[in-house]
Amino acid sequence: METRDPAHGISLLRDPLLNKGTAFTEQERDALGLRGLLPAHVQSMEMQAARVLTNLRSLPNDLEKYVALNALHDRNEALFFRVVIDNIDEIQPLIYTPTVGLACQRFGQVFQRPRGLFIGANDRGRIAELMRNWPYEAKLIVATDGERILGLVDLGANGMGIPVGKLSLYSACAGIHPGLCLPIMLDVGTNNEELLNDPYYIGVRQKRLSGAAYDELIEEFMEAAHAAFPEALIQFEDFASQTAVRLLGKYRDRFCTFNDDIQGTAAVALAGILSALRVAGGKLKEQTLLFFGAGQAATGIADLVVSAMMAEGLTEAEALERLAFFDVNGLVVQGRDDLASHTLRYARKHAPVHDFVDAIRTLKPTAIIGAAGVGGAFTRDVLGAMAELNTRPIIFALSNPTSKAECTAEQAYRATQGRALFACGSPQSPVVLDGKTYVPRQGNNSYIFPGVGLGVIASSARLVTDEMFMAAAHKLAELVSEGDIAQGSLYPALPRLREVSAHIAASVAAVAFQRGLAAGDAPNDLLALVSNQMYDPRY
Ligand code: NAD
């Protein structure tokens, strides 16, 4: 029976947003009814964090580490985030990619405690009621329907690990208070037979809603979320490609929303290109980009590059001329009857080309961007052709996981005698070539989405625009140090993430104020505005 004030006694110890565990002081123990409920020794937060790390490092595998960190998250949020923030390099891969993928696959087995809201296929007509069951304020919602978890598989309700993990990154990397974060699973069913037959599966046991029934549920969700939390930013995550593009188009001008798989990826890739141009020289509008893959990620990047080229003075037609795509059926050209609607604007007037090296020799790109999920597609011939055509070829192998990367950093540097300006989609190790060490860095969306979220929330922006993502990309490229550039890194070091996020948030907020999308007048110091809101748990 817990009838007492949640900020008191046993209820306090069981409230993860308030609990400090053994760190409650002698005075607090007396004042808050904790005397006797805790062991005698008062431990500092630093000691607690050290203990957590020691225990974590002794665990045999990453899934167990994920489970242990999740349990800490459910027990003591301040300590959890202290550990994550101070050890972001080590912990990010455990609470998000790649471990979260495995955790979602086993979600039914490792499930201990619900977090966030589960909105089911059968909740149509009462979503507003479900929203009212959430006991906190929400300023940031991450929602998934679990259809394409980490761009890979339909995991239905087991995909809840993604919004939970993503929101942890928002809190850790941009200081968005965890009490303002709401993970949502839109449990519309799953077409994954294995899960439907799994006794431990946690979701609605039916095939996915589709067509009008699916759209009506999403519409009701958007309306209800906006009514319940009018200031909340709603981020879509891991929807199927076509659905993601469609929902973004449908809602981006009506609600404060964005899709990280599309727009976050785009901004991080654009930032990488802008960093590469700090070395290669030349303007973005002078580049020719050839994409390998024409899916959600590639066309999302291209859409933002077109906007950025237009901001440099090109017309839309001129910008489109500078981009080309090569997909599973060859060069994306007019007259092909297999093109998805979001690819049509990029279909060139050109004869069909079925070989990627031929496409490179014909189009003479300054950059090739791999986002097709085909491991090893950037062969020696591909890389060699780029090296012949360019002094500093830009080569991005963005496909995940590592086994699907178009090439390794080592292959890119070797084939170009160290001239490649390289970025990857999964972390890769440094490469030593002719006595020089190259440090390739991952085009990780974590450089962008936390800062965008913070900027939008801090300025109470009504909408999230492409211009905000452009501003974020320019700022990220600026934040890459000379030292980074000298060692071939096109992105800053991950431990700088909070500083990076604060600067990105300030530039996003600046756009919101300039465009009249923010609440009130712009303060003089936007960096102070966002920095002052950043959660930095200490006790
Ligand atoms: P998608 O399914 O929407 O698109 C895949 C595209 O690849 C399609 O256009 C398809 O025609 C093309 N393709 C498939 N086989 C091919 C082949 N043999 N030759 C040429 N093209 C081929 O997928 P998506 O969401 O766009 O993701 C693509 C890849 O990008 C994934 O591996 C994903 O992990 C990666 N990605 C990376 C980041 C990042 O680094 N930040 C972000 C998002 C996605």
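No value in this document is a laboratory result; all are computed from the given coordinates. Note that this is a predicted model, so its numbers are computed, not measured. Glycine gets a Cβ as well: all are built from the backbone with ideal geometry, and neighbour counts include every protein chain shown.
Taking the average, over residues, of other Cβ atoms within 10 Å as the packing measure, peptides 231-237, 11-17, 457-463 rank 231-237, 457-463, 11-17 from highest down. Each of P39, N61, W134 was placed along the dipole of region 23-143 (beta-carbon charges, centred on the mean Cα), and the one lying farthest toward the positive end is W134.
With the charge dipole of the chain set up from +1 on Lys and Arg Cβ and -1 on Asp and Glu Cβ about the Cα centre, the Cα lying farthest toward the positive end among the listed residues H342, V164, A385 is that of A385.
Here the spin labels are modelled as points 7 Å beyond Cα on the Cα-Cβ line, and at L344 and N55 they lie 5.7 nm apart. In this rough spin-label picture, where each label sits 7 Å from Cα along the Cβ direction, the S403-R336 distance is 2.7 nm.
Summarising the amide proton neighbourhood of D238: residues at separation of 5 or more, or on other chains, whose placed amide H is nearer than 5 Å comprise D261.
Each residue of region 391-397 was assigned a 3J(HN,Hα) from its phi angle through the Karplus expression (A = 6.51, B = -1.76, C = 1.60, θ = phi - 60°), giving 5, 10, x, 8, 10, 10, 10 Hz with x at Gly and Pro.
Could you calculate the FRET efficiency of H41 with A528 from 1/(1 + (r/R0)^6), where r is the beta carbon distance between them and R0 is 30 Å, rounded to 0.05? Walk me through the intermediate numbers first.
Values: r = 39 Å, r/R0 = 1.32.
E between H41 and A528, to the nearest 0.05, is 0.15.
Peptides 522-531, 30-39, 90-99 ordered by packing proxy, namely the average of other Cβ atoms within 10 Å per residue, highest first: 90-99, 522-531, 30-39.
Let me check against my output: what whole-number percent is the relative contact order of region 275-396, with C-alpha pairs under 8 Å and at least 6 apart? Intermediate results must be reported in sequence, preceding the final value.
Numbers: 166 pairs, mean separation 38.5, N = 122.
Relative contact order, region 275-396: 32 percent.
Over the chain, DSSP H runs of length four or greater, each weighted -39,500 (n - 2.57), average out per residue to a 222 nm ellipticity of -13000 deg cm²/dmol. Taking the C-alpha atoms only, the angle from helix 449-458 to the longest principal axis of the chain is near 60 degrees. Dipole check for region 419-539: with +1 at the C-beta of Lys and Arg, -1 at the C-beta of Asp and Glu, and the Cα centre as origin, the magnitude is about 240 Debye. In region 287-424, a dipole from Cβ-located charges (positive for Lys and Arg, negative for Asp and Glu) runs towards its positive end, and of T299, A371, I360 it is I360 whose Cα lies farthest in that direction.
Close amide H partners of Y491, meaning residues 5 or more places away or on another chain with modelled amide H under 5 Å apart, are R441. In this structure, the amide hydrogen of G370, modeled 1.01 Å from its nitrogen in the peptide plane, lies closer than 5 angstrom to those of F292, F396, A397, L398, counting only residues at least 5 positions away or on a different chain. Averaging the sequence gap over all C-alpha pairs within less than 8 Å and six or more residues apart, then dividing by the number of residues, gives region 1-155 a relative contact order of 17 percent. Applied to region 201-210, the Karplus parametrisation 6.51 cos²θ - 1.76 cosθ + 1.60 on θ = phi - 60° returns per-residue 3J(HN,Hα) values of 4, 8, x, 5, 8, 7, 5, 4, 4, 9 Hz, with x for Gly and Pro.
Stretching F111 away from E90 to a fully extended chain increases their span by 5.2 nm, per 0.36 nm per residue minus the current alpha-carbon distance. Once C-alpha pairs closer than 8 Å and six or more residues apart are averaged by separation and normalised to the residue number of the chain, the relative contact order reads 12 percent.
Across region 115-120, coupling constants 3J(HN,Hα) worked out from phi with the 6.51/-1.76/1.60 Karplus curve, θ = phi - 60°, read 9, x, 10, 10, 10, x Hz, and Gly and Pro carry x. Only bridges whose two residues both fall in the chain count here: according to DSSP, what percent of them are antiparallel, nearest 5? Counting DSSP beta bridges with both partners in the chain, the antiparallel share is about 15 percent. Taken about its Cα centre, the chain carries a charge dipole of about 520 debye when Lys and Arg each add +1 at the Cβ and Asp and Glu each add -1 at the Cβ.
Which order, highest average first, do 301-310, 54-63 follow once you tally other Cβ atoms within 10 Å for each residue and take the mean per peptide? Before the final figure, lay out each step's value.
Working: 301-310: 22.7, 54-63: 12.1.
Highest-to-lowest ranking by the protection proxy: 301-310, 54-63.
Each part gets one Cα centre, and for region 483-508 versus region 157-226 those centres are 30 Å apart.
Inter-label distance, A213 to E194: 2.5 nm, where each label sits 7 Å from its Cα along the C-beta direction.
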